[in-house]
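The values are calculated or read from the model by the stated rules, or taken from the named source; none is laboratory data. Model, not experiment: these values are computed from the prediction. Cβ coordinates were reconstructed from backbone atoms using ideal geometry, including for glycine residues, and neighbour counts include every protein chain displayed.
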Amino acid sequence: MAEIHGTLNRLIKYGLENELIVDYDEIWVRNELMDLFHLTEWKEMPISACMMPKYPQSILDTLCDYAVEQGIIEDTAGNRELFDTKIMGKLTPSPSQVIDRFRETSEFSKEVATRKFYEFSQKTNYIRMDRIAKNVYWQVPTEYGDLEITINLSKPEKDPRDIERQKNIPSSSYPKCLLCYENVGYAGMGAHPARQNHRVLPFILEEEKWYLQYSPYVYYNEHAIVFSREHRPMKISRDSFARITAFLEQIPHYFLGSNADLPIVGGSILSHDHYQGGNHEFPMAKAEIEEEVVFKGFEKVKAGIVKWPMSVLRISSPNREAIINLSDKILKIWREYSDENCGIYAYTGEEPHNTITPIGRRRGEAFEMDLVLRNNRRSEAHPLGIFHPHEAYHNIKKENIGLIEVMGLAVLPGRLKEELEIIREYLQEEKYLEKIKMDERVQKHYAWIASFPNSEIDLEKEVGRVFAHVLEDAGVYKRTEEGRRGLLRFVEAVNEN
């Protein structure tokens, strides 16, 4: 019993030290926690600063162990996560307090304000840093610059008991999805995670209510999601460019981009209108203009083709309206544009194929917009998508090329970490190809490894090269003279309209 009091004292001290609560809140939080743990007595216990972790997960694990022992919760991964989120909800300030704090800090520094909110989202355990720390990250030099690679290990495996339990829970349409505003403070149910420690910041974009939160999976610094108050499908339109630039006026040190709005070339959530942004310079943002172009009627807008494996037009101007208008014009022409010589068709019957992945950022006073041309057509030879990772690379990456990958950060499946370790061990042996071919865990990599002349393979570097090829596959105009001429034909088509 003394252990539970000691752990709860540590948790309260953690909340005080990290400014989640203040002295006036201490007794109230204590009583909330006593009720949660069915305690009728309280023991004050001294807690030294050296006992305080940077993040709360170790404290929460001990509290979950106690809850299991006392029969408060069943011992499954899902129940533990629901319960430890409920615990942190007791320490998380109200939405209005969080918003007021952000606005106060924003008055003297927007950069400090977003950094503080990002740190706050970690301290409340909404961003579970113990899981994020498991992710593997490296960079690989290529002709396009240093591409970024991450193997995602932060999404936990599902407990079979949780899966079974979820079958018996009635389905609910509240909240409608994981991005809905109604997730703020939500207790969780079935497969829908608890969000008592979740807080968001309001923004007005083009006279509409939007909110900023951080991704719980954090693929890069201050990985933000900006979502619509209204649950409505993704749609790339003139409004997209207006919202992106409106946001950049308010938070100029962030980039903001959108996944495309069609299957295959879009992201994983197309049902709720949203953007992703953050305080990170991606490889694509560092890439140079390799050929300047001029758009008729927009001669003052700097424009060019980016040296990148995908087909990217970059436009830049301090005139926000010019950026919105030119982006909209390029989008509208592209939606209807076909180029048989390059295998690009805007429609199959009435099914549209062309769209754009837009990414905006500030360069001093200028707005810079990267417009990535996308096409989601399929064929017998490429049933998952013609401009999608081709089958030869599916051992490394077969999922959609979404916004984050487009910008040069590969988010690779967790299985790859173990597979690369197994291959690395086999490469020490004489008959390594035979071993790889016979091992079910890694035989998918046989053709890839067999393509090298010997076993002296830098696996991390070669994964990066595969990622570069995957991005080339997703490019609608290839990195050839024919592809270059095709892209210039499209620029000419924009100028003719």
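For the list (1) over 22 Å from Y186 (Cα atoms); (2) at pLDDT 95 or above, I need the number of the one condition that I99 fails.
If we test I99 against (1) over 22 Å from Y186 (Cα atoms); (2) at pLDDT 95 or above, just (1) comes out false.
Go through the range 434-462 and count every residue that is within 22 Å of H382 (Cβ to Cβ), surrounded by 13 or more Cβ atoms within 10 Å (Cβ to Cβ) and either touching a strand residue (DSSP E or B) at 6+ places or on another chain (Cβ under 7 Å) or not hydrophobic (A, V, I, L, M, F, W, C) (or both).
Selection size over the range 434-462: 3.
Kindly indicate whether any position in the range 421-430 is at pLDDT below 95 and of a type in the set (K, R).
For the range 421-430, residues at pLDDT below 95 and of a type in the set (K, R): absent.
Return yes when R131 is assigned to a helix (DSSP H, G or I) and within 22 Å of the chain's Cα centre (by Cα) and no when it is not.
yes
For the range 372-398, enumerate the residues that are over 25 Å from K307 (Cβ atoms) and small (G, A, S).
Residues of the range 372-398 that are over 25 Å from K307 (Cβ atoms), as a first pass: 377-384, 391, 394-395, 398.
Matches in the range 372-398: S379, A381.
Being assigned to a strand (DSSP E or B), modelled with pLDDT of 95 or more, farther than 19 Å from D239 by Cα and not aliphatic (A, V, I, L, M), is that true of even one residue in the range 303-316?
Checking the range 303-316: at least one residue is assigned to a strand (DSSP E or B), modelled with pLDDT of 95 or more, farther than 19 Å from D239 by Cα and not aliphatic (A, V, I, L, M).
Provide a single number: the residues in the range 422-471 that are β-branched (V, I, T), in a helix (DSSP H, G or I) and in contact (Cβ under 8 Å) with a residue 24 or more places away in the chain. Step through it out loud before you land on a result.
Step one: filter the range 422-471 for residues β-branched (V, I, T), giving 422-423, 436, 442, 449, 457, 463, 466, 470.
Remaining after also requiring in a helix (DSSP H, G or I): 422-423, 436, 449, 463, 466, 470.
Next, from what is left, pick out any that are in contact (Cβ under 8 Å) with a residue 24 or more places away in the chain: 423, 449, 463, 466, 470.
Going through the range 422-471 one residue at a time, the tally reaches 5.
Sort through D370, D339 and tell me the only one that's surrounded by fewer than 22 Cβ atoms within 10 Å (Cβ to Cβ) and either outside the structural domain of I236 (by TED's automatic domain parsing) or aliphatic (A, V, I, L, M) (or both). Before the answer, list the steps.
Numbers: D370 fails: surrounded by fewer than 22 Cβ atoms within 10 Å (Cβ to Cβ).
The unique qualifying residue is D339.
Under 8 Å between Cβ atoms, at least 6 apart or on separate chains: pull out the pairs that start in the range 168-191 with a residue that is closer than 20 Å to P233 by Cβ and in a loop (DSSP other than H, G, I, E, B) and end on any residue that is modelled with pLDDT of 90 or more and of a type in the set (V, I, T).
What qualifies is L179/I225.
Scan the range 219-247 for residues that are out of contact with any strand residue (DSSP E or B) (no Cβ under 9 Å at 6 or more places or on another chain) and either in a loop (DSSP other than H, G, I, E, B) or modelled with pLDDT under 95 (or both) and jot them down.
Within the range 219-247, H231, R232, P233, K235, S237 qualify.
If you go through the range 345-361 one residue at a time, how many are touching a helix residue (DSSP H, G or I) at 6+ places or on another chain (Cβ under 9 Å) and over 18 Å from V476 (Cα atoms)?
Qualifying residue count for the region: 2.
List pairs: first residue in the range 376-389 and more than 23 Å from E336 (Cβ to Cβ), second residue at pLDDT below 90 anywhere in the structure, Cβ distance under 6 angstrom, at least six positions apart or on different chains.
Matching pairs, first to second residue: P389/K398.
Going through the range 373-387 one residue at a time, which ones are crowded, with 24+ Cβ neighbours inside 10 Å and outside any strand (DSSP E or B)?
Narrowing the range 373-387 to residues crowded, with 24+ Cβ neighbours inside 10 Å: 373-375, 387.
Matches in the range 373-387: F387 only.
Exactly one of these conditions fails for E19: (1) at negative phi; (2) modelled with pLDDT of 95 or more; (3) not in a helix (DSSP H, G or I). Give me its number.
For E19, the failing item is (1).
Given the structure, is V200 buried (at least 17 other Cβ atoms within 10 Å of the Cβ), assigned by TED's automatic domain parsing to the domain that holds I151 and out of contact with any Lys or Arg (no Cβ under 7 Å at 6 or more places or on another chain)?
Yes; evaluated as a whole, the condition is true for this residue.
Quick check, is N325 outside the structural domain of G267 (by TED's automatic domain parsing) and out of contact with any strand residue (DSSP E or B) (no Cβ under 8 Å at 6 or more places or on another chain)?
On the way: outside the structural domain of G267 (by TED's automatic domain parsing): yes; out of contact with any strand residue (DSSP E or B) (no Cβ under 8 Å at 6 or more places or on another chain): yes.
Yes: the conditions hold for N325.
Pull up the range 11-25, narrow it to residues that are over 15 Å from F120 (Cβ atoms) and surrounded by 13 or more Cβ atoms within 10 Å (Cβ to Cβ), then point me to the one that is nearest to the chain's Cα centre (by Cα).
Let us first name the residues in the range 11-25 that are over 15 Å from F120 (Cβ atoms), namely 11-13, 23-25.
Add one more test, that the residue is surrounded by 13 or more Cβ atoms within 10 Å (Cβ to Cβ), and what stays is 11-13, 25.
Values: L11: 30, I12: 32, K13: 32, D25: 34 Å.
Going through the qualifying residues, I end up with L11.
Which members of the range 140-167 meet the condition of being assigned to a loop (DSSP other than H, G, I, E, B) and at pLDDT 60 or above? Walk me through how you get there before you give the answer.
Filtering the range 140-167 down to residues assigned to a loop (DSSP other than H, G, I, E, B) leaves 143-144, 152-159.
Within the range 140-167, E143, Y144, N152, L153, S154, K155, P156 meet the criteria.
For the range 70-89, which residues satisfy the criterion of being out of contact with any helix residue (DSSP H, G or I) (no Cβ under 8 Å at 6 or more places or on another chain) and not in a helix (DSSP H, G or I)?
Filtering the range 70-89 down to residues out of contact with any helix residue (DSSP H, G or I) (no Cβ under 8 Å at 6 or more places or on another chain) leaves 70-71, 81-82, 85, 89.
Passing the criteria: Q70, G71.
For the range 390-415, name all the residues that are assigned to a helix (DSSP H, G or I) and either without any contact (Cβ under 8 Å) to a residue 40 or more places away in the chain or surrounded by 20 or more Cβ atoms within 10 Å (Cβ to Cβ) (or both). Let's see the steps before the verdict.
Start the filter on the range 390-415 by keeping residues that are assigned to a helix (DSSP H, G or I), which leaves 391-393, 403-406, 415.
Within the range 390-415, E391, L403, I404, E405, V406, R415 qualify.
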